[in-house]
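The values are calculated or read from the model by the stated rules, or taken from the named source; none is laboratory data. Since we're looking at a predicted model, the values are computed, not measured. Cβ placement follows ideal geometry from the backbone for every residue including glycine, while neighbour counts extend to all protein chains displayed.
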Amino acid sequence: MHGPASSGWLLVALCALTGAYCLLRLRSSVAEQRRTAGAEAVMGFGMAAMAVPAAVLAPPRWAWALCAAVFAAAALRSLWTVRADPRHHLHHLVGSLAMVHMAVPMATGTHTGSAPLTGALLLYFAGYVLWSGTRLVPAAVAAGADGGTPAAGWGDRPELAQACRLSMGIAMVAMLLTL
């Protein structure tokens, strides 16, 4: 990723922690949490790897090609599963395609990417961040208002999963801005 090293390292930490929490969600007793946790963990760890400042570690072009291939495969999987849950898997599809869009110029060494596509992705993820943030506020209020509910396990907390999605959306906006 191009840009200041301090912001790159903050993105690495944020995305890696988000990916780690998504791995924890794979053990959830709630089926809805498990369904999307794997794809979100791949996205979190992939974003963390791509956010490492270029001044610190400049991976070879084949590593970027591998990254593009992994996210192209994730996009195909999301395209296949979009039938089951169009709303959520469509977001995974757009996220995976955005990762491919960022990795291909790094693999080819040409940074003359498609500005209209980058702009459209920026608009999508900025809108997603705003929408996701508004969904987080009621979840936090509802969780605090219900005093009689037993404590859920770390992998079963929908407000934490929503916070992870929000943080990955913010990170995606930051990464697309550097493209």
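Is there a residue in the range 70-78 that is touching a Leu at 6+ places or on another chain (Cβ under 7 Å) and not in a loop (DSSP other than H, G, I, E, B)?
yes
Considering only residues that are in contact with a helix residue (DSSP H, G or I) (Cβ under 7 Å, 6 or more places away or on another chain), free of Cβ contacts under 8 Å to residues at least 60 places away in the same chain and of a type in the set (Ser, Thr, Tyr), which ones fall in the range 107-127?
TYR124
So which residues in the range 110-138 are surrounded by fewer than 12 Cβ atoms within 10 Å (Cβ to Cβ) and under 14 Å from the mean Cα position of the chain (by Cα)?
Answer for the range 110-138, where residues must be surrounded by fewer than 12 Cβ atoms within 10 Å (Cβ to Cβ) and under 14 Å from the mean Cα position of the chain (by Cα): there is none.
Quick one: count up the residues across the range 58-69 that are outside any helix (DSSP H, G or I) and either under 15 Å from the mean Cα position of the chain (by Cα) or exposed (fewer than 14 other Cβ atoms within 10 Å of the Cβ) (or both).
Here the count works out to 2.
Have a look at GLY8, GLY46 and point out the one that is surrounded by 14 or more Cβ atoms within 10 Å (Cβ to Cβ) and under 12 Å from the mean Cα position of the chain (by Cα).
So the residue among GLY8, GLY46 that is surrounded by 14 or more Cβ atoms within 10 Å (Cβ to Cβ) and under 12 Å from the mean Cα position of the chain (by Cα) is GLY46.
Of the residues that sit in the range 139-179 and are crowded, with 19+ Cβ neighbours inside 10 Å and not in a helix (DSSP H, G or I), which one is modelled with the highest pLDDT?
Of everything passing the filter in the range 139-179, LEU179 is modelled with the highest pLDDT.
How many residues does the range 70-122 hold that are aliphatic (A, V, I, L, M) and more than 23 Å from PRO53 (Cβ to Cβ)?
15
Of all residues in the range 1-37 being under 17 Å from PRO158 (Cβ atoms) and touching a Cys at 6+ places or on another chain (Cβ under 9 Å), which is modelled with the lowest pLDDT?
Among them, the one singled out is THR36.
Restrict the check to the range 91-109 and report whether at least one residue is in contact with a Lys or Arg (Cβ under 8 Å, 6 or more places away or on another chain), part of a helix (DSSP H, G or I), surrounded by fewer than 20 Cβ atoms within 10 Å (Cβ to Cβ) and among the hydroxyl-bearing types (Ser, Thr, Tyr).
Looking for residues that are in contact with a Lys or Arg (Cβ under 8 Å, 6 or more places away or on another chain), part of a helix (DSSP H, G or I), surrounded by fewer than 20 Cβ atoms within 10 Å (Cβ to Cβ) and among the hydroxyl-bearing types (Ser, Thr, Tyr), one finds at least one in the range 91-109, hence yes.
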